[in-house]
Amino acid sequence: MRMKIIFGFVILGLIQPAAIALASDEVINVHYHDRPPYAVSTPSGMVSGLTASPVVKAFSQAGIQVAWIQTPSNRQLRLVQGNSANDCVLGWFKNAEREQFARFSQPIYRDKPQRVIALESNRRVTKGTSLSALLRDQSLKLLVKSGYSYGPVVDQLLVKLKPQTTVVTGDNLSMLRMLNAGRVDYFFAAVEEIDYLIGINDFARADYQFLPFVELAQATNRHLMCSRRVSDALLDRFNAHLPQY
């Protein structure tokens, strides 16, 4: 697998992962994947977006050298768990399980409250039920992404209620297409991401339900999640230049 490495704002080109070397203990490898509107890489080598832009700015202001590395999301988690280098991953939620092996920055972005996304034509998924009742309904199929957290409240409900679930490794556009094809009934997502995906594809927003629930009312913070090789001192320097949520 080939990865695009960007030190600061300069593209060094495509190299094999084995060739990635830290110039000093203060270089941070930030692993990301293109996920608009959160993170988007451009032909000029910049990375920008709702989560990427505050991180680029904070590292620059803190004077910390960064290698931006395009890495699939399932590998990102393994890198942080492996604790073998100064690896961080962009825009992950904090939960108790991850805090056992990772360090977290202060929030880099606060999502709008999540919604349950379903087809408007699917009347079995309605506003008149609670989230717990929805998850208990074994006639409905929930779509989740492998290795993802949906925030502590939803994560706990999924463990407790064990809904009928389809697990995938694809991105949210793939998940939206599975919903359109009737292969699943609903999934959890941030409104800003689904609105973006609908807007750039040949989809109509009126075809979807965006269902709010009390359990989803609290906005969820996204963080830079780092291996424990990343020192507290470096994270403190980075945190000092982040917006305050």
Zone of Glu120's modelled label, taken as backbone nitrogen in the range 194-236 under 12 Å from a point 7 Å along Cα→Cβ: 204-210
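Could you provide, to the nearest whole Å², the per residue accessible area of the range 146-245 with probe 1.4 Å? Please list the in-between numbers first.
Working: 4910 Å² over 100 residues.
On a per-residue basis, the range 146-245 sits at 49 Å².
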Trypsin sites (Lys or Arg not before Pro) within the range 172-216, DSSP loop, no more than 13 other Cβ atoms inside 10 Å: Arg183
Potential extension, Glu97-Ser48 segment - 0.36 nm per residue separation minus Cα distance: 14.8 nm
³J(HN,Hα), Karplus 6.51/-1.76/1.60, whole Hz, each residue of the range 192-205, x for Gly, Pro: 5, 6, 5, 4, 4, 5, 4, x, 9, 10, 7, 10, 10, 4
Principal-axis tilt of helix 73-82 within the chain, Cα atoms, nearest 10 degrees: 50 degrees
GluC sites (Glu not before Pro) restricted to the range 77-174 and DSSP loop, no more than 13 other C-beta within 10 Å: Glu120
Thr166 long-range amide H proximity, modeled H, under 5 Å: Leu142, Leu143, Val144
For the range 37-115 versus the range 173-214, the gap between their alpha-carbon centres in whole angstrom: 24 Å
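Can you give the % of DSSP beta bridges in the chain that are antiparallel, to the nearest 5? If you can, show how the numbers build up before the last one.
Values: 28 of 42 bridges.
Of those bridges, close to 65 percent are antiparallel.
Where both partners of a DSSP beta bridge lie in the range 62-199, what percent of those bridges are antiparallel, to the nearest 5? Mind showing how you got there, number by number?
Working: 4 of 10 bridges.
Expressed as a percentage, antiparallel bridges in the range 62-199 total about 40.
Between Leu161 and Tyr245, what FRET efficiency comes out of the Förster formula 1/(1 + (r/R0)^6) with R0 = 30 Å and r the beta carbon distance, rounded to 0.05? Show your work: numbers first, answer last.
Values: r = 30 Å, r/R0 = 0.99.
Rounded to the nearest 0.05, the efficiency is 0.50.
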Neighbourhood charge, 12 Å Cβ-Cβ cut-off, centred on Asp185 and excluding it, Lys, Arg +1 and Asp, Glu -1: +3
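Can you pull the percent of the range 23-179's accessible area that's carbon plus sulfur, 1.4 Å probe, other chains left in place?
On the way: 3480 of 6950 Å².
After summing per-atom areas, the C and S share lands at 50 percent.
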Among 41-48, 147-154, 188-195, the order from most to least packed when residues are scored by Cβ within 10 Å on average: 188-195, 147-154, 41-48
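If you put +1 on each Lys and Arg Cβ and -1 on each Asp and Glu Cβ, how big is the dipole of the chain around its Cα centre, in Debye rounded to 20? Let's see the in-between values first.
Values: 27 positive and 20 negative charges, 89 e Å.
My answer is approximately 420 debye.
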On Cα atoms only, tilt of 152-161 relative to the major axis of the chain in degrees: 50 degrees
Degrees separating the helix 52-62 axis from the principal Cα axis of the chain, which is the longest one: 30 degrees
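For an R0 of 22 angstrom, estimate the FRET efficiency from the Cβ-Cβ distance between Asn74 and Glu26 and round to the nearest 0.05. Present the calculation step by step, with values, prior to reporting the outcome.
Numbers: r = 28 Å, r/R0 = 1.26.
Computed FRET efficiency for Asn74 and Glu26: 0.20.
The values are calculated or read from the model by the stated rules, or taken from the named source; none is laboratory data. As the structure is a prediction and not an experimental result, all values here were calculated from the model. Note that we place each Cβ from the backbone using ideal geometry, even for glycine, and neighbour counts take in every protein chain shown. Keep in mind that these areas ignore ligands, DNA and RNA; they rest on the heavy atoms of the full protein, side chains included. Shrake-Rupley method; radii C 1.70, N 1.55, O 1.52, S 1.80 Å.
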